[in-house]
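Undergrad: Encoded as structure tokens, here's the structure I'll be asking about.
The values are calculated or read from the model by the stated rules, or taken from the named source; none is laboratory data. The shown structure was predicted, so the numbers you read here are calculated from the model rather than taken from an experiment. In this analysis, Cβ positions are derived from the backbone assuming ideal geometry, glycine residues included, and neighbour counts consider all displayed protein chains. Remember, those area values only see protein heavy atoms, side chains included, never the ligands or the DNA or RNA. Shrake-Rupley method; radii C 1.70, N 1.55, O 1.52, S 1.80 Å.
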Amino acid sequence: MTVSRDPRTGALSGLRVLDVSTLFAGPMAAMHLGDMGADVVKVEHPDRPDPSRGHGAAKDGVNLWWKTLGRNKRTVTMNLSSPGGRRAFLALAATADVVIENFRPGTLERWDLGYDVLSAENPGLVLARVSGFGQSGPYRTRPGFGTLAEAMSGFAAMTGEPDGPPTLPPFGLADGVASLATAYAVMVALHARRERGHGEEIDVAIIEPILAMLGPQITRWDQTRTVQERTGNRSSNNAPRNTYLTRDGSWVAVSTSAQSIAERVMVLVGRPDLIAEPWFASGRGRAAHADVLDDAVGSWIAARDRDEVVAEFERAQAAVAPIYTAADIVADPQFQAIGTIHEIEDPELGPVQMQGPLFRLSGHDGVIQHTGRPHGADTDDVLGELGFDAAAIAVLREQGAI
């Protein structure tokens, strides 16, 4: 899907967002807002670019992660700890609706750029502060990475095989969840600004959004003093629920969260007798007999190729999905039909495919205008919009402020 749009027509057109964050929750939140039409200005240190520019895979020396994470953003360089950089940033922040930052708590204040200073110049400003552990409390100054949140939220403790170690995800799960929470918080604050006439200071601790996604573990502990154990790919709430190997060496995932689906699966695999068992009538009961159900489903699937398995499950209106890699995703007709994958022309790499915005609106589809741009590519243009002439920009550059 190749698309283009006048940036002034996006759902968030007219909204200016300053992305002063790095690696990954803050930048991803800004990316989500930019996808929907916000004017996102990425602010980086002149000598220390966002580390995501060097993170992950590259092609011909060109980083690929940044092409996605930096999309729809203009890039400028400012040294906020220098007098000239601070002055330039204050001028830019005075024109902004939102600033997203993820410095250690107290850093902006040390540079005399705290919310009191920023909001004095711009009372409607929304400042979203993303940190590992929040702006207060005994851990506030600790380095905060998503891995620590995945560990401390309970995610790792409940993930993995029963007889194996706690397991961390192979990607930035906590950062990704926090990015969604941050984008949501920004929109809540903007709505409140419309109602109340002033901005808000947002405190997002990366440890909290992923905690909210993990279900009622806190309530369970409070009420029963029990914790959810590791169950591998199984569920403690329903069965059969697992990944299964097909005859042709592929994997599929089966879910039976609904009772009716569980019954259809057992009829399909030739074990309708199990439906009559008293324990089959509830998800918890089925989960307690997962070995029996996995044997019935797994043996049926193992005798068939993947395409046949998927077709038969669909015919029975049961829930199955093939285990995909990126190669499968880009070829799948459903992803193609809903426009999940976008192809963007990149000046360094040519046509580049990437996942598109998170959702579609009937009147304002999100669009990727461009991929991530080089470090500081738009500094002169943005400062020019703020009234800095060429001579003033040259001075700031000589001072190392930009």
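Undergrad: Please go through the range 370-395 and pick out each residue that is assigned to a helix (DSSP H, G or I), open to solvent by 30 Å² or more (accessible area, probe 1.4 Å) and either free of Cβ contacts under 8 Å to residues at least 40 places away in the same chain or not aliphatic (A, V, I, L, M) (or both).
TA: Those that are assigned to a helix (DSSP H, G or I), open to solvent by 30 Å² or more (accessible area, probe 1.4 Å) and either free of Cβ contacts under 8 Å to residues at least 40 places away in the same chain or not aliphatic (A, V, I, L, M) (or both): ASP380, ASP381, GLY384, GLU385, ALA390, ALA391, ALA392, ALA394.
Undergrad: Additional query: Can you tell which of ARG196, ARG271, ARG286, ARG220 is surrounded by 13 or more Cβ atoms within 10 Å (Cβ to Cβ) and without any contact (Cβ under 8 Å) to a residue 24 or more places away in the chain?
TA: ARG220
Undergrad: Looking only at the range 82-99, which residues are assigned to a loop (DSSP other than H, G, I, E, B) and farther than 13 Å from VAL20 by Cα?
TA: SER82, ALA94, THR95, ASP97
Undergrad: Could you tell me which residue of the range 302-325 is most open to solvent (accessible area, probe 1.4 Å), considering only residues that are closer than 16 Å to SER255 by Cα and in contact with a Lys or Arg (Cβ under 7 Å, 6 or more places away or on another chain)?
TA: Here the residue is GLN317.
Undergrad: Let me ask another. When only residues in the range 15-49 that are outside any loop (DSSP other than H, G, I, E, B), under 13 Å from the mean Cα position of the chain (by Cα) and of a type in the set (A, V, I, L, M) count, which is farthest from ARG360 (Cα to Cα)?
TA: If we take residues in the range 15-49 being outside any loop (DSSP other than H, G, I, E, B), under 13 Å from the mean Cα position of the chain (by Cα) and of a type in the set (A, V, I, L, M), then ALA25 is farthest from ARG360 (Cα to Cα).
Undergrad: When the range 349-369 is examined, which residues are found to be touching a Gly at 6+ places or on another chain (Cβ under 9 Å) and in contact (Cβ under 8 Å) with a residue 12 or more places away in the chain?
TA: Within the range 349-369, GLY356, PRO357, LEU358, ARG360, HIS364, ASP365, GLY366, VAL367, ILE368, GLN369 qualify.
Undergrad: Counting residues that are in contact with an Asp or Glu (Cβ under 8 Å, 6 or more places away or on another chain), over 15 Å from ASN238 (Cα atoms) and modelled with pLDDT of 95 or more, which helices (runs of 4 or more DSSP H) fully inside the range 254-310 reach at least 1?
TA: Answer list for the range 254-310: 259-268.
Undergrad: Quick one: would you say LEU245 is under 31 Å from the mean Cα position of the chain (by Cα) and more than 24 Å from GLY154 (Cβ to Cβ)?
TA: So LEU245 passes the test.
Undergrad: Residues VAL130, VAL126, VAL177: which one is touching a residue at least 40 places away in the same chain (Cβ under 8 Å), of a type in the set (Val, Ile, Thr) and out of contact with any Lys or Arg (no Cβ under 7 Å at 6 or more places or on another chain)?
TA: VAL130
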